[in-house]
1. With point charges of +1 on the Cβ of Lys and Arg and -1 on the Cβ of Asp and Glu, referenced to the Cα centre of the chain, which listed residue (G92, N118, G11) lies farthest in the positive direction of the dipole?
2. What's the angle, to the nearest 10 degrees (0 to 90), between helix 77-100's Cα axis and the longest principal axis of the chain?
3. So I have [x] 0.93; [y] 0.97; [z] 1.08, and one of them is Rg/Rh (Cα atoms, Kirkwood Rh) calculated from this model. Which one is it?
4. Restricting to DSSP H runs of at least four residues, report the calculated mean residue ellipticity at 222 nm for the chain, -39500 (n - 2.57) per run over all residues, nearest 500 deg cm²/dmol.
5. Would you grab the residues whose amide H sits under 5 Å from the one on E117? Only those 5+ places off in sequence or on another chain, please, with H modelled 1.01 Å from N.
6. Pop out the ³J(HN,Hα) list for segment 164-181 in order, Karplus 6.51 cos²θ - 1.76 cosθ + 1.60 with θ = phi - 60°, rounded to Hz; leave Gly and Pro as x.
7. What distance in nm separates the simple spin-label points at D32 and L123, each placed 7 Å from Cα in the Cβ direction?
8. What percentage of the solvent-accessible surface of the chain, computed with a 1.4 Å probe over protein heavy atoms, is contributed by carbon and sulfur atoms?
Amino acid sequence: MLKVGLTGGIGAGKSEVSRLLVEHGAVLIDADRIAREVVAPGTAGLAAVVEAFGEDVLAADGSLDRPRLGSIVFADPERLAVLNSIVHPLVGARSRELEDAAADDAVVVHDVPLLTENGLAPLYDLVIVVDADPGTQLDRLLRLRGMTEDDARARMAAQATREQRRAIADIVIDNDVPLDELRRRVKDVWEDLVRRARA
């Protein structure tokens, strides 16, 4: 099994790269998806978040109001640390379960937005960073996700710098390119990962 950490700044195109890797045959363990699962209604994770942040972070249907919680934590590093201390251990445990279920010869890609920030690079055989110019990131957040400029800039500022991410990368996929070129780059990376997995 080859354990790959995949990361990139918000709006860099990491989700598109992970989708393309899955098309080639990667087993994807998506930390964001798991982070939603572990705070779903009825979970101990959601109860802990409500205890820490109050009932105001719940939507009318009892689910977590993620935009509301995001507006609280991304503007306050201490509150973000509290949230991370609740969610990250739960995500780590579920990720290990999924990895243990993968085939021995699998290329397992862990899509981890905060891999750099949390010093997780040593957990993987190699780290892929999806990189884009900050201007490209900002444009994507405003245009594709409908964020306000203030919210987009706050989220970008809450993450590691571009230089910090590139410093831990074994492979960098530059994503200031059209989708066809990104597909070609991901295909080349996939062929490299398969070679490494077999070695």
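1. Checking the options against the dipole of the chain, the answer is G11.
2. For helix 77-100, the angle is close to 50 degrees.
3. Given [x] 0.93; [y] 0.97; [z] 1.08, the structure-derived one carries the label [y].
4. Values: 9 runs with 106 residues, N = 199.
Mean residue ellipticity, 222 nm, calculated: -16500 deg cm²/dmol.
5. Here the answer is A160, since their amide H atoms fall under 5 Å of that of E117.
6. These are the phi-based 3J(HN,Hα) values: 5, 5, 5, 5, 9, 7, 8, 9, 10, 9, 6, 10, 9, 9, x, 4, 4, 5 Hz.
7. Going from the D32 label point to the L123 one covers 1.7 nm.
8. Numbers: 5300 of 10410 Å².
That fraction is 51 percent.
The values are calculated or read from the model by the stated rules, or taken from the named source; none is laboratory data. These numbers come from a predicted model, not from an experiment. Cβ atoms come from the backbone with ideal geometry, glycine included; neighbour counts cover every protein chain shown. All accessible areas refer to the heavy atoms of the entire protein, side chains included, with ligands and DNA or RNA removed. Shrake-Rupley method; radii C 1.70, N 1.55, O 1.52, S 1.80 Å.
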